[in-house]
Amino acid sequence: MKTIGLIGGMSWESSAEYYRIINEEVKKRRGGLHSARCILYSVDFEEIEMCQSRGEWHKAAEILADAAQSLEAAGAECIVLCTNTMHKVADEIQAGMRIPLLHIADITAKQALAHNIKTIGLLGTRYTMEQDFYTSRLETQGLKVLTPEEGDRGIVNEVIYHELCLGEISNESRNQFKRMIQSLVEQGAEGIVLGCTEIGLLIKQEDSFVPLFDTTLIHAIGAVDYALSEVIK
């Protein structure tokens, strides 16, 4: 079993889900008392969010690259960045390491394509929905990406940062997300990417008539695939 290096804390609520899912999946596959070999480096999200809001992506990249290099030095054999948004600096993180960073968008795209989906709806932070570092990664693999209208993108972003990242779950927000999902489906989305690692805390498959691709779940299981040398081709 390879050792998984986790960069978490963005937010810690979703990082805890990564740890749970990874260990449950290893136990499911290996049985007995098996658990995952993993190392967690948890950053201070306040510091990262300030970099985001100020557009200081280079500074955020330095913080996360240092975390990744620390994990590699500690024995990690792959890196899992437990956030969608900060994959904006994935290339900078990878450049400072010899071990692979398992890109969340690549693993998610493969799952969507395995379901014969060509048009996907994307929910996430404004950065993830509006900048091309994430959408272009999905499009490169053959997916057409739809996002909510501008006003709804603002609602999604507000719920993520001011509710979900603080551990607050609201039925009103769930209903707003369900409305947006339905709107994306009406525009042609055959499935929905929950492109923020906290959204899966709010929205479940029963809230949608089309497949939901929970990036936290997909990414965590992808890490186990790699750790057990069952890499998805």
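Here are a few things to note about the model shown:
- Residues in segment 50-90 reached by a label modelled at SER229 [backbone nitrogen below 20 Å; 7 Å Cα→Cβ]: 75-79
- Proximal lysines to LYS27, defined as alpha-carbon separation beneath 30 angstrom and excluding residues fewer than eight positions away on the same chain: LYS2, LYS110, LYS204, LYS233
- For GLY191, the residues 5 or more places off, or on other chains, whose built amide H falls under 5 Å of its own are GLY121.
- Segment 99-233, accessible area per residue, ligands and nucleic acids excluded (1.4 Å, Å²): 43 Å²
- Annotation: amide H of LEU6 within the under-5 Å range of ILE39, LEU40, TYR41, VAL80, sequence separation 5 or more or interchain, hydrogens built in the peptide plane.
- Here the spin labels are modelled as points 7 Å beyond Cα on the Cα-Cβ line, and at PHE209 and ARG37 they lie 4.8 nm apart.
- Derived scalar couplings between HN and Hα for segment 14-23 equal 6, 4, 4, 5, 4, 4, 5, 4, 4, 6 Hz in order, rounded to whole Hz, by the Karplus curve 6.51 cos²θ - 1.76 cosθ + 1.60 (θ = phi - 60°), x for Gly and Pro.
- Surface share of carbon and sulfur [accessible, 1.4 angstrom probe, percent] for the chain: 48 percent
- Spin-label pair SER170/GLU47, simplified geometry with 7 Å Cα→Cβ offset, distance in nm: 3.0 nm
- GLU139 versus ARG29: modelled label distance in nm, points set 7 Å from Cα along the beta carbon direction: 3.3 nm
- Residue list for segment 142-167, given a label point 7 angstrom along the Cα-to-Cβ vector of GLU186 and an amide N cut-off under 13 Å: 149
- Segment 3-27 and segment 103-126 have Cα centres spaced 20 Å apart.
The values are calculated or read from the model by the stated rules, or taken from the named source; none is laboratory data. No experiment lies behind these values; they were computed from the predicted model shown. Note that each Cβ is placed from the backbone with ideal geometry, even for glycine, and that neighbours are counted across all protein chains shown. Note: accessible area is taken over every heavy atom of the protein model, side chains too, but ligands, DNA and RNA are not part of it. Shrake-Rupley method; radii C 1.70, N 1.55, O 1.52, S 1.80 Å.
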